[in-house]
Amino acid sequence: MISIIHNEKALINTIRYGAIIIIIMFSIFITNIFIKEKNKDFEMELQKIEEDYISKNKITIENIVNKIYSIIEVEKKIEEDEVKESIKERVNEVYSIIDGIYKQTIKDPNYSKEKTIKLIKESLRNMRFNDDLGYIFIYELDGKNILNSQYPENEGQNHWNYKDARGVLLLQEMKKIMIEKDETFYTWYWKKPNNNSTQEYEKHGFLKKFAPYDMYIGAGTYVDDFENKLKQRVLKKINSLKFKEPEHVFVFDKDANCLANPKKELIGLNQYNAKNENGEYVLRKIIENTIKNKEGFERYQGLISMKKENISSDKISFLKLFEKWNWIIGSGFYLEDMYKEIKIKKETLNKSNKKVVEEIMLISGFATIIMIIFCFYLSSLIATIFKKYAKEIETEIKNSLEKEKLLIQQSKMATMGEMLGNIAHQWKQPLSLIAMSNTLIKLNQDNKDFSSENELKEAVKNIDISVKNLSQTIDDFRDFFKPEKEKSKFKLEELFEKTYELISSQFKNNNIQIIKEIENIELYGRSNELSQVLINIIKNAKDELIKIKNNDRRLIFINMYKKDSKAIIKIKDNAGGINKDIINKIFDAYFTTKEQTDGTGIGLYMSKQIIQEMNGKIEVSNEKYKYEDVEYLGAQFTIYLDL
């Protein structure tokens, strides 16, 4: 408080000019927060732009791919159905021919099955369809080949145990089907005509039973033959599709051969070893992932850019495997347009932020001027109030100091009363000895032969010693109460011995045992003040111990030692400790648990003030401990002082 009064001008200047700094700093702080929030909103907006752009385009390209996939499936299904119907028509035509021949010949009186079959074979021998790749065959149910217009050498042979590429006993399976059905579509494997290879190829065909002769008629077409034509037709259709730029579609096979692409010059090229700008084999990874996952999105650096003006070839594509043909159908979009949109947004934000900063600076400047005027007015008002209350504060401080001095004096006087009792007790023995020696001398004056010369000398010596003891007691008492203006070095052990000498009689009379363990530590300060603290704590312990029954031990432990550049003083008793409800109040001024005639409540308060003035610390706690195999509970005061 005194410091504030002496520095009232500095405080007024702080109020006057400090506000300006605070306002400027506040304006900068608010501006930074606003800009950060704007940047945060902007980053979220950019993220939303990217998410929306990518999400929207992902849906588009996925729809494109699924559309192409559906087109292929539909075209394939239509083609398969047409091929099947075409085969069925051929078989039905052959059936009609056979049935007509049979009905005609059976009327002939010279009819025979062999002649009829011969006539059938001659009628069907040269029948072909599907660019001469399709032919007619006839088998008996037991596996004997009747007609094979493509492989006449098989005629008359029994293929009952023939296995196709799948390991199926083909003729046996056909018989089972023909027993159950009169006609059916069927898939099997057979080698191709005009092909020296023994490899068998998948065929789709149609079988129809001719019951009169227990035989069935069949015809088929090789799947790869009609599919190759279908693929060419589908690719032609895909490459002719028109998309709204930059939408597009591309198709690769599993070997990275380009089958369809908006860049027509790439069609037919193998791009397995093609690298992008980062040196990555893009198609290898795309093909591998698509074969593994069947479909999905891929983000990568493309091999080409759809627009010449594009700087980046960063691309996202949706790819789907048409597993039946090992085609990878894809559509993608480049992120260049998104980057351009983000760039425009950034430029807009920078302009917006610059404008906001300028507006905030103008507002802050205006607010600063207003606050400066207000602060000058406020500081003048405060200065007037300060002058008014300065004298009142000084008066209150003087009164507080007087009260503080009075507290100290009360503490000293309380201690002095006990000291006088100690002095009276310590003077009893030397005064008695002086009285006895004086009586002996008087008797010798009346009767010279009453004592020997040596006895008289001893009496004089006793008087001299007793007078010195009385004088030393007065000196110790005076030294304790003499104010110390200057600090000096002193030793803890010597200080305790002098202090204990002043109050020792109280402990002997009350059967209180002092157990001490003191290191001879040197301190710097006012020894009398520390002595006052020790007396206050030890006296309080004595007051509590005398409440214990006489037959119980009364103990006070004094422990003084050095640790980590600190002198530590511990004083504890076995009086049962301090009530936990009041232990935090015992250092308060005028707090006492004693009767008004026995205590003032300022001893421990002054002790704390003294220790704090010595830059130390004092604490109190209740401690359980064991001494000579007996457990005790008592209060422990701990003092920490700098060495």
Quiz item: Based on the Kirkwood radius over alpha-carbon pairs, what is the Stokes-Einstein translational diffusion coefficient of segment 221-338 at 25 °C with 0.890 mPa s viscosity, in µm²/s?
Solution: 164 µm²/s
Quiz item: Given a Förster distance of 30 angstrom, what is the FRET efficiency for Leu235 paired with Asn278, based on the Cβ-Cβ distance and rounded to 0.05?
Solution: 0.50
Exercise. For Glu494, put the label point 7 Å out on the Cα→Cβ axis and report which residues of segment 606-643 keep their amide N under 19 Å from it.
Key: 643
Quiz item: In nm, to one decimal, how far is the Asn228 label point from the Glu392 one, both placed 7 Å along Cα→Cβ?
Solution: 11.4 nm
Quiz prompt | Normalised contact order of segment 98-193, rounded percent, pairs of Cα under 8 Å and 6 or more residues apart | solution = 16 percent
Practice problem: Could you sort 273-284, 202-213 so that the peptide with the highest average Cβ count within 10 Å comes first and the rest follow in order? | Solution: 202-213, 273-284
Self-check item: Computed Rg/Rh of segment 511-627, alpha carbon atoms with Kirkwood Rh
Solution: 0.95
Quiz item: What is the gain in length, in nm to one decimal, between Leu633 and Lys242 on full extension, counting 0.36 nm per residue of separation less the C-alpha to C-alpha distance?
Solution: 130.9 nm
Quiz item: Summing Lys, Arg as +1 and Asp, Glu as -1, what charge do residues with Cβ under 15 Å from the Cβ of Tyr151 carry, Tyr151 excluded?
Solution: +2
Quiz prompt | Under the Karplus curve 6.51 cos²θ - 1.76 cosθ + 1.60, θ = phi - 60°, whole-Hz ³J(HN,Hα) for segment 285-293, x wherever Gly or Pro sits | solution = 5, 4, 4, 4, 5, 5, 4, 6, 9
Quiz item: Quick one: length gained pulling Glu288 to Asn63 fully straight, 0.36 nm per residue minus the C-alpha distance?
Solution: 78.8 nm
Exercise. Extending each Cα 7 Å along its Cβ direction at Ile71 and Lys84, get the distance between those two points in nm, one decimal.
Key: 2.5 nm
Quiz item: Which links in Lys56/Lys343; Lys242/Lys294; Lys491/Lys562; Lys77/Lys231 stretch past 23 Å when you go from one Cα to the other?
Solution: Lys242/Lys294
Quiz item: So what is the relative contact order of segment 147-265, in percent, for Cα pairs below 8 Å that sit 6 or more residues apart?
Solution: 13 percent
Quiz item: What full-extension length gain, to one decimal in nm, is calculated for Tyr201 and Phe591 as 0.36 nm per residue of separation minus the Cα-Cα distance?
Solution: 129.2 nm
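Computed from the coordinates by the stated procedures, all read-outs in this text should not be read as laboratory data. Keep in mind it's a predicted model, so treat the numbers as computed, not measured. Ideal geometry is used to build each Cβ from the backbone, glycine not excepted, and the neighbour counts take in all protein chains shown.
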